[in-house]
Each structure stands twice: as structure tokens, then as C-alpha cells.
Amino acid sequence: MTWWRRSLWGLLALGALGAIAAAVYSWRTMPTIDGELRVSGLEQPVHIERDADGIPTLKARNRHDLLFALGFVHAQDRLWQLETHRRIGAGRLAEAFGEVALPSDKFLRALGVRRAAAAQWARASADTRAAMRAYADGVNAFLATDLRARPPEMLVLGVQPQPWDPVDSYAWMLMMAYDLGGNWSKELLRLRLALRLPVARIDELLPPYPGEKPLPTADYAALFRALRLDAATATAALPSSGGVIAGDVSAFDRVLDRLQAAARPSGIEGVGSNNWVVAGSHTTTGAPLLANDPHLKLTVPALWYFARLEAPGIRVAGATMPGLPAVVLGQNEHIAWGFTNTNPDVQDLYIERLHPADPNQVQTPDGWAPLKTFDEVMKVRGKPDVKITVRESRHGPVISDAGIADDLLGNKARSAYAIALRWTALDPDNDTAAASFAMSEARDVASFIAAVKSWVVAPMQNMVVADRAGHIGWIAPGRVPLRKPANDLLGLVPAPGWDARYDWAGWVPADALPQQVDPARGWIATANQRVVPADYPVFLTSEWAPPFRQQRIEQLLSARPKHSIDDLAAIQADVKSLASAEMLLWLRRVQSKHPLAAAAQRSLDGFDGTMTADRAAPLLLWAWQRQLTQRVFADELGTVYERAIATRTLRDALHGVLERDDLWWCDDKTTPAAETCAQQSVAAFDAALDEWRQRLGDDVSQWRWGQVHQARSEHRPFSRVKLLARWFELRTPVGGDSFTVDVSRVLYQPDPTTGELFLAEHGPSLRALYDLADPKRSRFMHSTGQSGLPWSKWYANLMPEWARVQYLPLWGDGMPAPATLVLSPGG
């Protein structure tokens, strides 16, 4: 045999051995779903029946064992997800991902998420502690008995699973509250803008809720000019008088670059939810119907994990979240419930003035006071440990101690200022966990509302609920700060921390929280819009979402006297964008001589803002808006522009400019000419056609919104590794945009890895419809599958149905259970 034949056979043999090894490894990572396992920590046997889609029904004889089993199945199917949740909450990402994750870890350590979680766990009631401990014991029982091989992410990164602790659950609840309560990000944006623009122009760029006037505030642009906050001057001595330091703040924008780059994103446009509940007087069954679809980051595996839980006195089904021992959204034997974000203003930033001789003292209204200090050690994969000291003021964590404010504050040891965050979710009496248990155990609308009113909940949510007796209700519970009448900044921008008028004055009383039961019109709907009148006696927020989704839901609910559950499904699938319909009026006025202009305008024929994936018109509209937004705002905003469009499209600002024909904004101040809005609109249209002919070709009739607007479920971390992304990441074409009921967020920045535009990375992470007449007709769907293992048949099986807005039965009654695992005490 010649050498090349021997080599070929050798390669084939190596390939075969590799394939066998891969197959054996893949098989060993799969959890045990049939037969019996003996585990320590159980009181009595538990049956875990999985249906054809991998959704488990957990049948236990007591609550402890039920929550133990929930922790067990979460670990079986989502171990890597649990690991990432734990590491995010603890600020320990760099241990696994290396130096690239160090800025996030520094921020999370400075924010003090894990410290706050530990304090909340220490104050939890005995009942809550027992539930949390049972869940953690279930996760750890899987690690001890059924983990035969680590998931591929752990294998590649060299990560060993560690025991789950109840504090990990509390930390993950805080991270979810962070994602839903990002007012601080907009405070920083306003501050950056104030270094370039007067307040009146900022109010045009970030306009108030439609039909309202900007909040009356002090001239905060003048305030920030008076505070010398750049690195060159921040170490100056304190003034002899009690006034602010005079000077220039031109370098303040650089710190904000780093602050927002290092911190996890929050307060993102297109991140919200829809829910509505219809009374039996307006349904075909005569009993209430309830719909809910939370709009969150799309990931693989999905954020949600479906489960059905049964024990004496407990029967509940719906969406659970790995890391938490509860059905977060769902239905029990008596009620169904759903959430949307109220967008409460529960975060304020403070500029803290430090003592010139001691950086661990801060000026307060009563003189100098010491800061609390904490030493943090961060392990970094492949690098030496990193040590930092973080501080906490009377307002909260000093987030500038993460090193993200050096360009502004200069050397930490000599800086005159620091930046602190006050946030309700970090308070030690935050009792969201107990509220979750009480909600899932409520027996009617009244007991549900009473349960959530009596707990300290973060973040504030619009909760709709219906019961089998025919009642419907809504309440927005949560801890919201009361701001003093003298507060002339109203939480819109960072405030001087030494000035008592900006301190919070207590909390909005529970009885003052907005709520409604059995309204005369027969339905309640929320979509992150303003839910209280403008003259409401207490200030909740100025961060309401534009009302387009809400208006469309109201149109559809009012279109017929009675609705079936299928009608509600059609509403969840609706992709008519009222916001885009408004912008379309301006696009149709464009008079372009571009070679593709005539074909492009023909593609708009018959287009009414319905953003279907199979049309070119939605792509043309958004491509034009993207180019026009840049031409109108980028010259005035400078480096702030890229920060602004990272989380929002500035759509409302652009519409206002066009409506006013505002030449100040439309003029390109980098050129000697005075451009008009009409000229900029044509130039934007031409640039959009040039850009997309390069990407999709010259035949506009063949362009499709769904070609580029794809729902991408990101895998962490392998979506950032091109060789691995195709095996782990999930994609599917979708319609809709940031303002449709079936939402799919549109942003203007290209993907940092691929350069693609208009990927939809936030959308309906869950859709659910609940029938109070016949729960067997209740249904739900999330965006990927139950398993986190890419070779599992349950990794991506739900995505095609999710994209088509189809559903699975919520309850498993009468459905076959192809796999049944019995967990027995012992082991």
C-alpha cells in the first residue's frame, strides 16, 4: 500500500473516531428524561412528564418537592443559561470570557448587584427562603446526579458548573429589573446633549409624550456648564462659597462614552410589551380572555422556559425563567395574568462632590460624610486578578468607581467628583420574590391585586388579570419615589448630590398606584403608553413609550362587538405600523431623479404601513428614515449621535422636524449651503437607494423586508464567533417594526460583527392567550425551544411556529407524554 493510501486511511480513521467521540459526547450531555433517578433532598417522589415539545408537567405531593423539581429541570435543559445568569448577577463574566468582559464586571461590581441580592435574601421571610432553597437544591441535585458531560459552552471555555445559591436567584431578579428600568441611560444622554445643545433643542430631540409640553425644569445645560467636570479641572479646589464651581465641561461627553459602553444596555426603544384583557361581555364565550406578549432580547435558548406545575393546592402553567422558582406569567385554576413595563422613573444619578483631602468622604446637605467602601477581586481568564475598591454614597453605589468615568473625573485619588446611582431595586426590602409566589397562588382578581399591593415590587409593571368569576382588572404596583416640589430637574438629568432638594421624599403610597377593576367599556389594554392622565397627582415617569401599539390594539378591539381567542391571536400577529404610516406621507413627497427612484415609488403603491416581510416598501421606508435621521441630526450631535441611535431611532424627533419644516435642524452645519428639509429628504432617499442596490441589487421589485429584517436569537457567546455562530445562533425572517403590535425592533447601527442592518434582536419573547371559560383553549409560544443543547430536537423546534404566530396548548391535559422521569428520594 502506497504512503498516500495509508495516509488517507489514517485520516478516515481519525475522522471516524472524531465522529464517534462527538456522538458519545453529545449523547452524554443529554439529560435523563425517562426512568427513575434517586436524588437527595426530596421528601417524596416527583413525576416529570415531558410532552412532544419538551414541555414538562411536574407532579409533586408538596410545594417543596415541586420547586425542587423545577430547579432540576431548569438545570437539565438550561445549565449554560443558568451559568450565564449567575455570572452576570455576580459580575464574574471575565472568569469565563476573558478581559473583554472586564468592563461589564467592573460596572456590575460597582453597581453592587450581588451585595444587594445578599441583603434581600437575608431579609426574606421564612416561606420565601424555603421556596428559594428548595429550588436551589433541585439545581444542585442535577449537578450531583445527572450531569454526565458539560454543555459545549462550558467545555470550550473551560468552565466548571458551580452550585446554585438562592442569592443567585435574587441577583438575577435584580438584573431583570435593571433591563426594564433603564432611566439612568437617558439621564446620561440628556447630560451629553446638554454639553452641545440648549434645553429647548434637547426637548425637540427627545420630545415629550404626544400632545404634551416638555416638563418644566431648570436650565440644566447651564448647570452642567457651571460644574467643571472634565479631567483637567475636576481636581480643582472647592470654591470658598457655597456655590457651584464655574467653568467648562467639554470633556464630560467622553466619560459617558465609556460609561454606556461598559454598562449593560437598558432603556432600549422597542423593549416593552403588550397586554390586554377582555371582559366576558365582549367575548364569544361569555368569559374573560387575556393576551400578553413581553418584548425582550431574543436569545437562544429563549429567556423563558415553559412548565406546568401540579401539587396539592397548586395547579399553574406558563412561562418560568431559569434561575427563578416561579411561574412568572401564566394561568392557575382560578386566574390568568400578564405584564407590561410601566417604564417608571425609579433611577436617579447624582454628581457627588468629594472632599479634597479624602476621596472617601462626600459632601451632603449636613456636611461631610464617609462613603462605604468594598474591595472587589475579579478573576480574568488568562490574566492576573484585577482588584478595585468601590464605594457607596448615601444615594447608592458610586458607579464611577468602575473606572468608566476616568476621562471625566481624572485620577480617582484626586478627583473632586464621583457619580452615584439611586435605584429602588437595590433596596434591601425589595420583596419581588414573595410577590411572585402570591400572584401565582391568587384565587381571584381581588386577591391578586391585594397580593401585589402589599409587597415591595421592582420593577413597576402594568399587571392585567382575569378570573373565572368574570372579573377583569389592572394594577401598576411597585415602589416609585416621591420627588420634592423644589426638585427642578425631575429625574431627567444627573443632579448635584449635595443639594437636598434632589433627594427623594418617600414613596408613592400603595393606594395611589393606578388600578382599575371591571371598567364599563369591557376591556383594558396596556402597551407601555401613558397609563395615567397628565394631571395625575403623583409623578410616575416621563419615559412613556409612544402610543402607536396601544392605539392599534384599541382600533382592533373596537372593530367588533365580541372577540374569540382566535381574534386575539390575530391582534398579536398584526404588523400595521401607525408610526410608519405617518412617516410614509413625507416619503411619498420625495421628488428624486435617481435611476431607481421610479421603481422605488411604485413599490410604495398600496402600502399603508403594514410591515409584511414579503414587501420592499417597509425596507425603503426604514432605509430612507435611517439616512434622513443622520443628515438631520448628526452634525448637531457630533460624537453623541452614535450613542443616541444605539438605543433609539429618534423617529419622534424626525417627525417633528418635518412637520415644523425646521430649517435649523435640516441645515447641514458642516457645509456653507443652507439645506432645506425637502433637499435633505431627497438626498436621504438617493443615499438609501445607493446603499441597498449595493446590498440587494438593482431590481427594487425583488427587495424584501424579510431579507434583512430577521429575528436573530443571539447565542452567548458564540454569536460573536463567526465559525460557531451558524451552529448556535437562530434566525428567521419577520415583518413588523418597533411600533407594530407584533413588534420587531429596528435600530440604525449595523451589527458590530457582521455589518448587517435592521436585524431584529428584540421582539415578542413570549406570546400567550388565556381562556377563562375553557383553559384547554389557552395557548402560548416562545421563540426557540426548551433545550439549550444545539443537537437537541428541542433546541429550535418552536422558532418556525413562533415566526408564524402559532401556539402550543398551555395545559397538557389529555396530551401524550412520550417521556416520564421519576425523581425519588435517596441518592
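Structure summary
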item: The range 498-535, residues that are aromatic (Phe, Trp, Tyr), open to solvent by 30 Å² or more (accessible area, probe 1.4 Å) and over 21 Å from GLY181 (Cα atoms); result: TRP498
item: Answer residue from the range 350-360, given it is at pLDDT below 95 and not charged (D, E, K, R) and is nearest to the chain's Cα centre (by Cα) among those; result: ILE351
item: Candidate set from the range 415-442 (those that are within 20 Å of the chain's Cα centre (by Cα) and of a type in the set (A, V, I, L, M)); member that is farthest from PRO325 (Cα to Cα); result: LEU421
item: Options GLY736, GLY755, GLY697: the member that is small (Gly, Ala, Ser), in contact with an Asp or Glu (Cβ under 9 Å, 6 or more places away or on another chain) and open to solvent by less than 50 Å² (accessible area, probe 1.4 Å); result: GLY736
item: One residue from ARG731, ARG712, ARG720 being within 20 Å of GLU801 (Cβ to Cβ), under 22 Å from the mean Cα position of the chain (by Cα) and open to solvent by 60 Å² or more (accessible area, probe 1.4 Å); result: ARG731
item: Filter result for THR145 (touching a Leu at 6+ places or on another chain (Cβ under 7 Å) and either open to solvent by 10 Å² or more (accessible area, probe 1.4 Å) or modelled with pLDDT under 95 (or both)); result: yes
item: Helices (runs of 4 or more DSSP H) wholly inside the range 592-672 that include at least 1 residues being surrounded by fewer than 22 Cβ atoms within 10 Å (Cβ to Cβ) and of a type in the set (S, T, N, Q); result: 597-603, 617-637
item: Subset of the range 811-827 that is closer than 23 Å to ASP771 by Cα and touching a helix residue (DSSP H, G or I) at 6+ places or on another chain (Cβ under 7 Å) - its residue that is least open to solvent (accessible area, probe 1.4 Å); result: TRP811
item: Any strands (runs of 3 or more DSSP E) falling wholly within the range 700-801 and containing at least 3 residues that are touching a His at 6+ places or on another chain (Cβ under 7 Å) and not aliphatic (A, V, I, L, M); result: 762-764
item: Evaluation of ALA581 against (1) open to solvent by less than 20 Å² (accessible area, probe 1.4 Å); (2) in a helix (DSSP H, G or I); (3) within 30 Å of THR676 (Cα to Cα) (one fails), failing number; result: (1)
item: Residues located in the range 802-820, provided they are outside any strand (DSSP E or B) and hydroxyl-bearing (Ser, Thr, Tyr); result: TYR807
item: Of residues in the range 200-222 being in a helix (DSSP H, G or I) and out of contact with any Pro (no Cβ under 8 Å at 6 or more places or on another chain), the one most open to solvent (accessible area, probe 1.4 Å); result: ALA200
item: Every pair of residues 6+ apart whose Cβ atoms lie under 7 Å, when the first sits in the range 108-120 and is free of Cβ contacts under 8 Å to residues at least 60 places away in the same chain while the second is among the hydroxyl-bearing types (Ser, Thr, Tyr); result: ALA117/TYR170
item: Flag if GLU333 is within 30 Å of TRP811 (Cβ to Cβ), touching a strand residue (DSSP E or B) at 6+ places or on another chain (Cβ under 9 Å) and either open to solvent by 10 Å² or more (accessible area, probe 1.4 Å) or acidic (Asp, Glu) (or both); result: yes
item: Exclusive hit being modelled with pLDDT of 95 or more, in contact with a Phe, Trp or Tyr (Cβ under 8 Å, 6 or more places away or on another chain) and more than 30 Å from LEU193 (Cα to Cα), set VAL277, VAL316; result: VAL277
item: Top-ranked residue of the range 134-180 - restricted to ones that are in contact with a Gly (Cβ under 7 Å, 6 or more places away or on another chain) and of a type in the set (Ser, Thr, Tyr), ranked as farthest from THR29 (Cα to Cα); result: SER169
item: Residue in the range 679-690 that is free of Cβ contacts under 8 Å to residues at least 60 places away in the same chain, of a type in the set (Phe, Trp, Tyr) and farther than 30 Å from ARG804 by Cα present; result: no
item: Restricting the range 778-795 to residues that are crowded, with 19+ Cβ neighbours inside 10 Å and among the hydrophobic types (A, V, I, L, M, F, W, C), the residue that is nearest to LYS297 (Cα to Cα); result: MET781
item: Selection count, the range 459-475, where residues are outside any strand (DSSP E or B) and open to solvent by less than 10 Å² (accessible area, probe 1.4 Å); result: 1
item: Checklist (1) touching a Phe, Trp or Tyr at 6+ places or on another chain (Cβ under 9 Å); (2) crowded, with 24+ Cβ neighbours inside 10 Å applied to GLY478, failing item; result: (1)
item: Flag for LEU808 being under 30 Å from VAL24 (Cβ atoms), open to solvent by less than 20 Å² (accessible area, probe 1.4 Å) and over 23 Å from the mean Cα position of the chain (by Cα); result: no
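The values are calculated or read from the model by the stated rules, or taken from the named source; none is laboratory data. This is a predicted model, so every value here is computed, not measured. So basically every Cβ, Gly included, is an ideal-geometry build from the backbone, and we count neighbours across all protein chains shown. Note: areas computed on protein heavy atoms with side chains; ligands, DNA, RNA excluded. Shrake-Rupley method; radii C 1.70, N 1.55, O 1.52, S 1.80 Å.
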